[in-house]
Amino acid sequence: MNLLIVDDQSNVLTWLATSISWSDIGISHVYSASSVLTAKEIIRSHDIQILLTDIEMPVQSGLDLIKWIREKELPIESILLTSHTDFMYAKQAIPLGVLDYVIQPAGETEIKETVQKAVRLIKEKKKMQHQHSLNHFSRKETNQLIAHFMQNWPRQKTGFSSGADELADYLGQLADLGIHCEKEDSCLLFILQVQEWHTIPDAPLQLLAQYEEIAGEVFSYIQGDFLSFITEDSSLVTMLVSPAQEDIEEYLRILNENVQSAFSCVSVIFYSQATMQSFAETFEYLMHNEALQEKQNGASIHRVVPITKENAVSIHYQNYYDQICAYIRENITSQISRRDISKHIHISSDYISHIVRSVGNCSCNELIRNMKMDYAQKLVRTTSMSIGNIAAKCGYDSFAYFTRVYKSIYGVSPSRDRLQHYHG
């Protein structure tokens, strides 16, 4: 969770932001502001869940900030810092839905306990929202929804585009499912596979419900939020987000032991760390790598290091791919063919296709098109150049064809995209 601390006294602000071990209570990011104006900018640009603010500050007070938050209907739990016990403040704070207040000077323990109260409240609300959002789905539909969500996580992109917008959309959907993450965060992805049943197992969806109850109890000790689904062969797949990752194998071992006891089975867990950007590749590796079965060796917990593009493709391939991308960038305003690239790099056209497919996971024509469209989008959104000139600058003779390709990738025409993003 993200915490914003607001105080106009720099020494107090520094102490609160840097001296308290916030990660102990599930706070992953701490932001600080010395004025209400700065605080509003941080709230606009970051996903803040908890506010810890001084009341009396120049120009605008902490109560003014909370009023603004309520007017914007932002889901932020607010805690007041005050050196006064005057009931006047309490009378003003109650209608604003302030969770609690801390009378200064206060020690680290008291402040952490008050913020932890907000953490617990937010988790309870998330559980309720999550349940409410899924209530209109059957258990089977919910399982399919989560499976589809993980299976279609956006892959890392090549060329000009970073896929940032697509990833942001996915993180927004993840928040709707009760898990709040930043794009820089990481998670744990693991599969629990049953190797042997000692009794006739329950139906898969009943197993999933029982598993989620066990996992919820185990991961509550590390402030863990998770999503799970069960496959046709009764493997349980879980995405876990937690600020505490140091002793994760111990918690996985406890989880596996509890599952084996409850299910009356022998099971094994394969797990891997993944960033939000690399989640798709890690998921694919864990789900489709039959060689994992050979790594058991009697152990019940196995850490897996996925073979990614960076370590699976030889340096030889990667160097050629970099040269291909560089050539496309340098000639982005021209019509480019696979033969042009072949002549420049001095390797065959077929080998060009093989390299692009191996490293970029797309065809050579798709790579050229995507890089041209990324370049075109930058011009559309940041310049007043006419759309026709942009089409020509990207090497397209036909304005209509350029517009059709642009819309097929971004979902809007270039003129509409400009209306939405260009403010020059």
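The values are calculated or read from the model by the stated rules, or taken from the named source; none is laboratory data. All values derive from a computational prediction rather than experimental measurement. Here the Cβ positions follow ideal geometry from the backbone for every residue, glycine too, while neighbour counts run over all protein chains shown.
So here's what we get for this one:
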{"item": "Among (1) assigned to a helix (DSSP H, G or I); (2) closer than 19 Å to Leu286 by Cβ; (3) aromatic (Phe, Trp, Tyr), the one test that Tyr221 misses", "result": "(2)"}
{"item": "Odd one out for Ala262 among (1) at pLDDT 90 or above; (2) buried (at least 19 other Cβ atoms within 10 Å of the Cβ); (3) of a type in the set (A, V, I, L, M, F, W, C)", "result": "(2)"}
{"item": "Region 248-263 residues that are assigned by TED's automatic domain parsing to the domain that holds His198, paired with ones that are aromatic (Phe, Trp, Tyr) and part of a helix (DSSP H, G or I) (beta carbon under 7 Å, 6 or more apart)", "result": "Tyr251/Phe219; Val259/Tyr211"}
{"item": "Helices (runs of 4 or more DSSP H) contained in region 303-399 and holding at least 2 residues modelled with pLDDT under 85 and either surrounded by fewer than 18 Cβ atoms within 10 Å (Cβ to Cβ) or among the charged types (D, E, K, R) (or both)", "result": "309-312, 315-330, 349-360"}
{"item": "Residues located in region 315-358, provided they are of a type in the set (Ser, Thr, Tyr) and within 31 Å of the chain's Cα centre (by Cα)", "result": "Tyr317, Tyr321, Ser358"}
{"item": "Counted residues, region 256-281 - those being of a type in the set (A, V, I, L, M, F, W, C), within 27 Å of Asn152 (Cα to Cα) and in a helix (DSSP H, G or I)", "result": "2"}
{"item": "Count - residues of region 175-208 that are at pLDDT below 85 and either part of a helix (DSSP H, G or I) or among the hydroxyl-bearing types (Ser, Thr, Tyr) (or both)", "result": "2"}
{"item": "Count of residues meeting criterion [assigned to a helix (DSSP H, G or I), of a type in the set (Gly, Ala, Ser) and either closer than 14 Å to Leu379 by Cα or within 29 Å of the chain's Cα centre (by Cα) (or both)] in region 400-421", "result": "2"}
{"item": "Pair list, Cβ under 7 Å, 6 or more apart: region 317-340 residue more than 19 Å from Cys394 (Cα to Cα), other residue of a type in the set (Ser, Thr, Tyr)", "result": "Tyr317/Ser358"}
{"item": "Tally of residues being modelled with pLDDT under 85, assigned to a helix (DSSP H, G or I) and among the small types (Gly, Ala, Ser) across region 80-122", "result": "2"}
{"item": "Count of region 17-50 residues which are out of contact with any strand residue (DSSP E or B) (no Cβ under 9 Å at 6 or more places or on another chain), crowded, with 18+ Cβ neighbours inside 10 Å and among the aliphatic types (A, V, I, L, M)", "result": "1"}
{"item": "Residue that is crowded, with 22+ Cβ neighbours inside 10 Å and more than 23 Å from the chain's Cα centre (by Cα), where the choices are Thr53, Thr14", "result": "Thr53"}
{"item": "Check on Gln156, modelled with pLDDT under 80 and either buried (at least 16 other Cβ atoms within 10 Å of the Cβ) or under 23 Å from Ser28 (Cβ atoms) (or both)", "result": "yes"}
{"item": "Within region 5-47, tally of residues that are hydroxyl-bearing (Ser, Thr, Tyr) and outside any helix (DSSP H, G or I)", "result": "7"}
{"item": "Selection count where residues are β-branched (Val, Ile, Thr) and under 22 Å from Pro75 (Cα atoms), scope region 1-39", "result": "7"}
{"item": "Among the candidates Leu63, Leu37, Leu81, Leu52, residue that is free of Cβ contacts under 8 Å to residues at least 24 places away in the same chain, aliphatic (A, V, I, L, M) and in the same structural domain as Val102 (by TED's automatic domain parsing)", "result": "Leu37"}
{"item": "Yes/no for Ile248 being within 30 Å of Lys343 (Cα to Cα) and either modelled with pLDDT under 85 or surrounded by 15 or more Cβ atoms within 10 Å (Cβ to Cβ) (or both)", "result": "no"}
{"item": "Long-range neighbours under 7 Å by Cβ, at least six apart or interchain, first residue of a type in the set (Asp, Glu) within region 95-124, second assigned to a loop (DSSP other than H, G, I, E, B)", "result": "Glu108/Ile20"}
